[in-house]
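Report on the structure given below.
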Amino acid sequence: MSHDATMEDVGLAPGHAHATAGTGVPDGKLGIWIFLASEVMFFAGLIGSYIVLRFGTARWPVPSETLNIPLTGFNTFLLICSSVTMVKALSAAHRDDQAGIRKFLGATVGLGCVFLSIQAYEYYSLSHHAHGAYTNGFLPWSDIFGSTFYTMTGFHGAHVTGGVIWLGIILLGALQGRFGSRNYMPIELAGLYWHFVDLVWIILFTIVYLV
């Protein structure tokens, strides 16, 4: 078996990535998995703290009386759709479909921007209008529910923003034809991060908005 064929077996393009000695895993992929492991611990700490406070507090606001669940449910659907377009972008790269790479990366970035815009609108609406028992607006300092809500969703929003910027940079490279079947690793690494961000949001939406 040739050296090039061996590289292709692990999803590498010669001259673009190297496998970590002893693992056969590309350096970039190993790095992103380590990074995501640290992110899992970070969000697990936030979510775990919320659960302890939520069920350890005698009186806790009913989320449906304060939060706009239908709007956020639609926003969640958009983020799930962005994971689908991310998968299609990577699939297009494997097929050397340059138009497909640009189209689906652009769709992913666009959906991410819409998600952030809706979240910004939600924050504005919650903080400037009466919602349930919060006659003066629902703010981070309103109570412990407000503090935990804005902390968790805010940190997640920051991660989505980082992902949109990352994917935007990759999209610029795609517009120059830099990616394809022999150099798809940057798209795959960004996709792993994006799927993680989507999964975290599904968990947050379920725990914070629905429970």
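The values are calculated or read from the model by the stated rules, or taken from the named source; none is laboratory data. What you are looking at is a predicted structure, and each value in this text was computed from that prediction instead of being measured. Neighbour counts run over all protein chains shown; Cβ positions are idealised from the backbone, glycine included. When the accessible area is computed, the model is the full protein with side chains, heavy atoms only, and any ligands, DNA or RNA have been set aside. Shrake-Rupley method; radii C 1.70, N 1.55, O 1.52, S 1.80 Å.
Counting pairs of Cα atoms in the chain, how many percent are more than 22 Å apart? Every Cα pair in the chain considered, those over 22 Å come to 56 percent.
Accessible surface of the range 32-165, 1.4 Å probe: 70 percent of it comes from carbon and sulfur atoms. Calculated accessible area for the range 30-113 comes out at 52 Å² per residue, all protein chains present (probe 1.4 Å; ligands, DNA, RNA ignored). Note on the chain: with a GNM built from Cα contacts shorter than 10 Å, the maximum mean-square fluctuation among Ala37, Ala190, Ala89 falls on Ala37.
Per residue, the range 128-211 exposes an accessible area of 44 Å² to a 1.4 Å probe, with every protein chain left in place. When the chain is treated as a GNM with alpha-carbon contacts under 10 Å, the residue of Asp198, Asp143, Asp97 showing the greatest mean-square fluctuation is Asp143. Counting every C-alpha pair in the range 54-176, the share spaced more than 26 angstrom apart comes to 35%. Mind checking the dipole of the chain: about its Cα centre, +1 per Lys or Arg Cβ, -1 per Asp or Glu Cβ, Debye to the nearest 20? The dipole magnitude comes to about 240 debye.
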